[in-house]
Amino acid sequence: MTELKKRVFAANWKMHVGPDDAREYLSAFLQRYPGHPDREVWFFPPAVSIEAAARAAANRHDVTVGAQDIHWEAKGAFTGAVSAPLVKAAGARAVLVGHSERRHVFGESDAETGRKVRAALSATLLPVLCVGEKLDEREAGNAMAVVTRQLDAALGDVDGPNLDGIVVAYEPVWAIGTGRNATPRDAAEMHKHVRAWLLGHGARRAVVLYGGSVNQGNAAELLAEPELNGVLVGGASLDPFGWAQLVQTGAA
Ligand code: PGA
């Protein structure tokens, strides 16, 4: 999957885009975006659309489909939940873990993110661990401490070689869906911190994405910052034409 040198453009569709719409979206997007040797495009559809999206993108090696969340158990009496093996069977190759909305809307704990990372690794799904501070935490000067706590809890038990198979997305909570993105400098500062954490724990490579109000207007400026290995995008990924444009021009 990801080599360090490739830029990652990840689309988080959240609770949008059903199976039929996913097929239509992918067909429009793939026509518009023929691929680029230094880029990968990842889609995180809602669970019901994973299979449709994965099939629609099956011929494109630069496109990966993932799940937005998993339960940490592989199977069992967990009504409403989906597991790593289940999403993998539907075609997922990656999974978001600890997205801000999972943490702050659904009350997911740091400890749960650790269980989910381990579940993803044992199913050979690529975990994309989302971390990020809230506005009051940033204003109090605690942003790095919060992100360190989230990394310790989710990845503290993962050994060096497995850390190479993990991607971290820095998504400050105050920037998600607000139209207020972090400046490239603020994002780079946190990316350096995350990278140092990963390398300090035995990883040989560290892929760190930025997310939070990325759009066609600011993607190029953010991606000009070499600390950013890519972007994780919600709202601006929902239109296939706008997303194709962002992926084409974002890293130009
Ligand atoms: P946004 O969402 O791009 O709509 O701010 C990003 C995310 O939640 O991953």
Query raised in the report: Tell me, what is the Rg over Rh of the stretch 136-207, with Rh the Kirkwood radius over Cα pairs?
Result: 0.99
**Report entry** Highest average packing first - 14-24, 122-132, Cβ atoms within 10 Å
**Finding:** 122-132, 14-24
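When 1/r is averaged over all different Cα pairs and the result inverted, which Kirkwood radius in Å belongs to the stretch 50-204?
Computed over the stretch 50-204, the radius equals 16.3 Å.
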Query raised in the report: Once amide H atoms are built 1.01 Å from N in the peptide plane, which residues 5 or more positions from residue 65, or in another chain, come under 5 Å H to H?
Result: 43, 93
Query - Listed peptides 76-82, 60-66 by packing density, highest first (mean Cβ within 10 Å) - result: 60-66, 76-82
Query raised in the report: Rounded to a whole number, what % of the accessible area of the chain do carbon and sulfur atoms account for, probe 1.4 Å?
Result: 52
Query - Reach of residue 116 by Cα under 21 Å, taken over lysines that are not fewer than 8 positions away in the same chain - result: 14, 75, 88
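The values are calculated or read from the model by the stated rules, or taken from the named source; none is laboratory data. All figures in this text were calculated on a predicted structure; none of them were measured in a lab. All Cβ positions, glycine included, derive from the backbone under ideal geometry; neighbour counts span all protein chains shown. Surface accessibility is based on the protein's heavy atoms, side chains included, excluding ligands, DNA and RNA. Shrake-Rupley method; radii C 1.70, N 1.55, O 1.52, S 1.80 Å.
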